[in-house]
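Presented below is the structure to which this report refers.
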Protein chains: 2
Amino acid sequence: MKNYENLKKHFVKISRFNHLASICSWDQAAMMPAGGNAARSEAMAELALHVHDLQNKTELVDWYAGAESEDLSAEQKASLVEMKRVWEDDKIIPAELVEAKSLANSKCEHAWRTQRGENDWAGFLGNFTEVVNLSQQEAKIRAEHAGSSAYDAMLSLYEPGTTTASLDALFADVKTWLPDMVMEISEKQKSEALIKFGSDFPIDAQKKLGLKAMDLLGFDFEHGRLDVSVHPFCGGVPTDVRITTRYDESEFVSAMMGVIHETGHACYEQGLPQHLAGLPAGMARSMGIHESQSLFFEMQVGRSQEFLGLMSPMLSDLFAETNAGAFGADNLAKAYTRVKPGHIRVDADEATYPAHIILRYEIERDLMNGVIEAKDVPELWAQKMQEYLGVDTKGNYKDGCIQDIHWTMGAFGYFPSYTLGAMYAAQFKAAMLKSVDVNAAINAGDLSPIFDWLRTNIWQKASIFSTDDLVTQATGETLNAAYFKAHLQARYL
Amino acid sequence: MKNYENLKKHFVKISRFNHLASICSWDQAAMMPAGGNAARSEAMAELALHVHDLQNKTELVDWYAGAESEDLSAEQKASLVEMKRVWEDDKIIPAELVEAKSLANSKCEHAWRTQRGENDWAGFLGNFTEVVNLSQQEAKIRAEHAGSSAYDAMLSLYEPGTTTASLDALFADVKTWLPDMVMEISEKQKSEALIKFGSDFPIDAQKKLGLKAMDLLGFDFEHGRLDVSVHPFCGGVPTDVRITTRYDESEFVSAMMGVIHETGHACYEQGLPQHLAGLPAGMARSMGIHESQSLFFEMQVGRSQEFLGLMSPMLSDLFAETNAGAFGADNLAKAYTRVKPGHIRVDADEATYPAHIILRYEIERDLMNGVIEAKDVPELWAQKMQEYLGVDTKGNYKDGCIQDIHWTMGAFGYFPSYTLGAMYAAQFKAAMLKSVDVNAAINAGDLSPIFDWLRTNIWQKASIFSTDDLVTQATGETLNAAYFKAHLQARYL
């Protein structure tokens, strides 16, 4: 097993440099003063270059060839497959294209930060065209190597195993029922009275609330922490997971649910198998499975009336509330399940969210496959927003096609993960219910049976199995959107 | 200038990895949860190994040889000298000795953390003997290379240019007047009434106080921040300086002065010349000069009645104080200049501090030169403490010879920096007074003339000149302990 052991050692070495990159990235977002940015960015770029060199070390070719004929256990074989996948994903793109993409993406992203506020589509298009062109080049190279379509090749960077064919079928089905369901829910909620919350929620108390929620949700504070950043995220490393949120003193609703969402990501990372630490097989399976954990925590647990019932006394302890009944579990559940079509994806509720994703999926798929061009995006956006959500975005690029950061960085193929995650979460919940009384566990304030199921079926399996195998082992079938539809119907209708 | 340029690029590259190491070290001390330590330590060790490889890159030999004959400016020549010094300091120690030292030091330091509390000299000696032996081996190699004594060779790692001969002379003089002066001051202070402070100083308010002091002292918050750690330090990088302190809710005195001290280190780092960023010539001159800046801020500014007069109204604003007059400038100055011989170096006042250092200097010098052995340390310690400070430490190893971390890590040659720093600070103050009305600047609450002098004479000169040249350019002479003596006399007698 000399070759396999060499590969393993090499990946562990790479993971150590990535550990430092993760911590320094977190620091950049959560701690670093503005004046530190230039030198930090240079240091991070130097490290990225070093990691790239390690990933392309000459000896790897021989080690992979040698390892194929070594006597490996099933897990080691799976580990080898994952190492090779990561290695090939990285090495097939020529260094010049990597550099050109990095420059074009940085330029587009940097300019976008002001262009968005100024609703400047024309300015954005100037940079975005180059981003699309270079990503198309990347997609073409990956597609030739994989023998797939251009978009499929990009998709596999985030969701290995998922194809355009499967997404087309999945989303076509969703489009047949979602717009009507959203209208029906909106109609129903019109008559539901919601007691308004006050407007004074001190940050210190909100932080305490978040920490209590994390504690309830099994976050291991010996291996992680909660901080503040402009854009909430989950970073760090499995032994030291860093989650962030942002606070608004006039309301607690967003920060609390944001912390619950990130805690789902964090518990997945903290629950990964330690004996595979540093190896690709020991990492999270995909962006969609990662999102399935954050959305399990947020949608399947966090927004349930049972869980909000647990939070209710904490809210009363921490905040002065003059509107009687505002912090009651029933009212909290209403507040956390309002459905309303809107412009902005990140503000969308769980029922309208898939519409935002399907729209982006259809556009980025056609962009990568060369069916449409960058300049066509706004018209398609406006047309689809009207069709799927009845929302008018014409001329409103700011709250329309330039609202997200993903495309500015060339991350075409990422968006489907959000809705795949929501669907997997609903499917996991349905499977979990066969052996776990979820509501009873939440009502008792001891959610460990829920975490045990997730640890055994998802977290500890990391990337040892393909997504389809992982999901089949956990639920008895591959992705089935019926569970998500049933979840929405049960909760909202 | 091809070879010089190659060297420069290479050192900038190394500095980028060191940047990440600095931030991750700071994180380890100030942010990281305990469970993150094992993986973090592995990642840091991997990075250290990489930096070591870069520092010993084969091409460097040719680049140094080639650069010698290139047409360089005076500053570039100085930069080349510093690069070569750092390179040689690193490369002359064989890899096996570096590794053996690293293991022995880690073992000794780790065990010391419990042995100290248990007053366990015998247990400590078991590990310490090996630390001394390996450091002696290192000292011997360095001495042969430098043509110096063993201790001189170790000293040059922290204070290049300083020799045993100069320290012997310097400290011999101090020993003629310091013990008597300490007794005289103690006697005088017996009759000085001190109004006691209360015992409720909330951490939030103490943090505000520290930030106000930093602001007054010119700390650039665009390029740094203040946090908490068990052992206060100044870390990070010049564009992003991280200082830490620790708070005790029952008193504000230590944390406030600790912040002022670290702010001195921080302003030196923030004031280093940007055009030499990443190069050895652009870094702080020595540990002694670094300490001269922290002690300038603490002793020459922070503990002056004028500066404490500026802090006085802030203290009254932030804390409820029942003892009338406690926060008056006069009383604050008394509290901050109490002199009392004691066991612990880090708790010592500025008058007794040099005695702690001279004692350590004499012992570590003789250890490195093979004049004494590890087992001889306690007896020498007890004898010298009695002689220099009239303090009995017999059998009290905990508050005696195993109180400090330095020797556990093999840092022989470091201690003199503390007293050199105090002396340089007094000498800089005397020179500054020729052109700056220091007290008037402090009284006016605008200390910028002080910082301007330090920036021009110390910070911006980094390591372009030798310590002797730097000090001569700033003050007209090399180190002269008379200024330190005069400072103590003026303040205390």
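Roughly how crowded by other chains is peptide B:237-245, in terms of the mean Cβ count from those chains within 10 Å of each of its Cβ atoms?
For this peptide, the per-residue mean of nearby foreign Cβ atoms is 4.
Check B:S463: other-chain or 5+ apart residues with amide H under 5 Å from its amide H, H built from backbone geometry?
B:G282, B:M283
Across segment B:200-205, in residue order, what do the Karplus-derived ³J(HN,Hα) couplings come to in whole Hz, using 6.51 cos²θ - 1.76 cosθ + 1.60 with θ = phi - 60° and x for Gly and Pro?
My calculation for segment B:200-205 gives 10, 10, x, 4, 4, 5 Hz in order.
Let me cross-check B:D248: its accessible surface, 1.4 Å probe, with only protein heavy atoms counted, in Å² to the nearest 10?
Solvent-accessible area, nearest 10 Å²: 70 Å².
Under 5 Å between amide H atoms, partner at least 5 residues away or on a different chain: which partners does A:D227 have, H built in plane at 1.01 Å?
A:I243, A:T244, A:T245
Whose amide H sits under 5 Å from the amide H of A:G236, counting only residues 5 or more places off or on another chain, with H placed in the peptide plane?
It is A:W26, A:R242, by chain and number.
Relative to the present Cα-Cα distance, how much length would full extension add between A:S316 and A:Q189 at 0.36 nm per residue of separation?
Difference between extended and current length: 43.2 nm.
How large, in percent, is the carbon and sulfur part of the accessible surface of segment B:145-194 at a probe radius of 1.4 Å?
The computed percentage sits at 59.
Starting with the highest mean, order B:64-76, A:206-218 by the number of other Cβ atoms within 10 Å, averaged over the residues of each peptide.
Per-residue Cβ counts within 10 Å, averaged per peptide and sorted highest first, yield A:206-218, B:64-76.
What average count of beta carbons from other chains do you get within 10 Å of the Cβ of residues in B:38-49?
For peptide B:38-49, the averaged partner shielding equals 5.
I need the inter-copy label distances for B:G123: point set 7 Å along Cα to C-beta, values in nm with one decimal, smallest first.
Reported distances to equivalent positions: 6.6 nm.
For segment A:238-268 and segment A:321-384, write down the distance between their C-alpha centroids in whole Å.
Going from one Cα centre to the other spans 20 Å.
Would you mind computing, in nm to one decimal, how far apart the modelled labels at B:E88 and A:D220 are, each placed 7 Å from Cα along Cα→Cβ?
It works out to 5.0 nm between the two label points.
Can you tell me the FRET efficiency between B:V228 and B:A482 if r is taken as the Cβ-Cβ distance and R0 is 45 Å, rounded to the nearest 0.05?
Computed FRET efficiency for B:V228 and B:A482 comes out at 0.70.
Pop out the carbon and sulfur fraction of the accessible area of segment A:2-91 as a percent, whole number, probe 1.4 Å.
Accessible surface attributable to carbon and sulfur in segment A:2-91 totals 51 percent.
Just to verify a number: FRET efficiency for B:V81 and B:A48, C-beta to C-beta distance, R0 = 22 Å, to 0.05?
0.30
Which order do you get for A:H231, A:H356, A:H265 if you rank them by accessible area with a 1.4 Å probe, largest at the top?
A:H231, A:H265, A:H356
Treating only the Cβ of Lys, Arg, Asp and Glu as charged (+1, +1, -1, -1), what charge dipole size does segment B:76-150 show about its Cα centre? Round to the nearest 20 debye.
Dipole magnitude for segment B:76-150 comes out near 220 debye.
For segment B:481-489, in order, what is each residue's ³J(HN,Hα) by Karplus, 6.51 cos²θ - 1.76 cosθ + 1.60 with θ = phi - 60°, in whole Hz (x at glycine and Pro)?
Per residue, the Karplus-derived 3J(HN,Hα) values read 5, 4, 5, 5, 4, 4, 4, 5, 4 Hz.
Quick one: if you stick a label point 7 Å off each Cα along the C-beta vector at A:T456 and B:E249, how many nm between them?
With each label point 7 Å from Cα toward Cβ, the separation is 4.4 nm.
How shielded is A:19-26 by partner chains, expressed as the average number of their Cβ atoms within 10 Å of its Cβ atoms?
5
Cβ under 11 Å from A:L447's Cβ, A:L447 left aside: what net charge do those residues give with Lys, Arg +1 and Asp, Glu -1?
Neighbour charge sum, excluding A:L447 itself: -4.
Say R0 is 30 Å: what FRET efficiency, to the nearest 0.05, do A:D468 and A:E68 get from their beta-carbon distance?
0.80
Roughly how big is the A-B contact, given as buried accessible area in Å² (both sides, 1.4 Å probe, nearest 100)?
Summing both chains' loss of accessible area gives about 2800 Å².
Quick one: with label points 7 Å out along Cα→Cβ, list the inter-copy distances for B:S73 in nm, shortest first?
Its label point is 6.2 nm from the equivalent points in the other copies.
Label-point separation (nm) for B:K394 and B:V371, each offset 7 Å from Cα along Cα-to-Cβ?
Those two pseudo-labels are separated by 2.5 nm.
Residues with beta-carbon under 9 Å from that of A:A30, excluding A:A30: net charge, scoring Lys, Arg +1 and Asp, Glu -1?
Cβ neighbours under 9 Å give a net charge of -1.
Report the closest approach of any chain A C-beta to the axis of the A-to-B rotation: residue and distance, in whole angstrom.
In chain A, the Cβ lying nearest the symmetry axis toward B is A:L20, 3.
Using helices alone, what [θ] at 222 nm do you get for chain A, with -39,500 (n - 2.57) per DSSP H run of 4 or more residues, divided over all residues and rounded to the nearest 500?
Computed mean residue ellipticity for chain A: -20000 deg cm²/dmol.
Each residue of segment A:103-114 in order: what ³J(HN,Hα) in whole Hz does its phi give by Karplus 6.51 cos²θ - 1.76 cosθ + 1.60, θ = phi - 60°, with x for Gly and Pro?
For segment A:103-114, the Karplus-derived couplings read 5, 4, 5, 4, 4, 5, 5, 4, 5, 4, 4, 9 Hz, x marking Gly and Pro.
Provide the solvent-accessible area of A:F197, counting protein heavy atoms only and rolling a 1.4 Å probe, rounded to the nearest 10 Å².
For A:F197, the solvent-accessible surface is approximately 50 Å².
In segment A:354-485, carbon and sulfur make up what percent of the accessible area (probe 1.4 Å)?
Within segment A:354-485, the accessible surface is 47 percent carbon and sulfur.
At a threshold of 8 angstrom on Cα-Cα distance, excluding pairs fewer than six apart, so keeping six or more, what relative contact order does chain B reach in percent?
20 percent
Label-to-label distances across copies for A:S316, with labels 7 Å out along Cα→Cβ, in nm, shortest first?
4.6
Give me the accessible area per residue for chain B, probe 1.4 Å, as a whole number in Å².
41 Å²
Leaving out ligands, DNA and RNA but keeping every protein chain, what accessible area does A:V436 have, in Å² rounded to the nearest 10, with a 1.4 Å probe?
Here the accessible area works out near 20 Å².
Within the set of other residues whose C-beta is less than 12 Å from the C-beta of B:E82, count the net charge using Lys and Arg as +1 and Asp and Glu as -1.
Within the 12 Å Cβ shell, the charges total +2.
The values are calculated or read from the model by the stated rules, or taken from the named source; none is laboratory data. None of the values given here were measured: they were computed from a predicted structure. Because the Cβ atoms are built from the backbone with ideal geometry, glycine has one as well, and the counts that use them run over all protein chains shown. Protein only, heavy atoms only, side chains kept; ligands, DNA and RNA dropped before computing areas. Shrake-Rupley method; radii C 1.70, N 1.55, O 1.52, S 1.80 Å.
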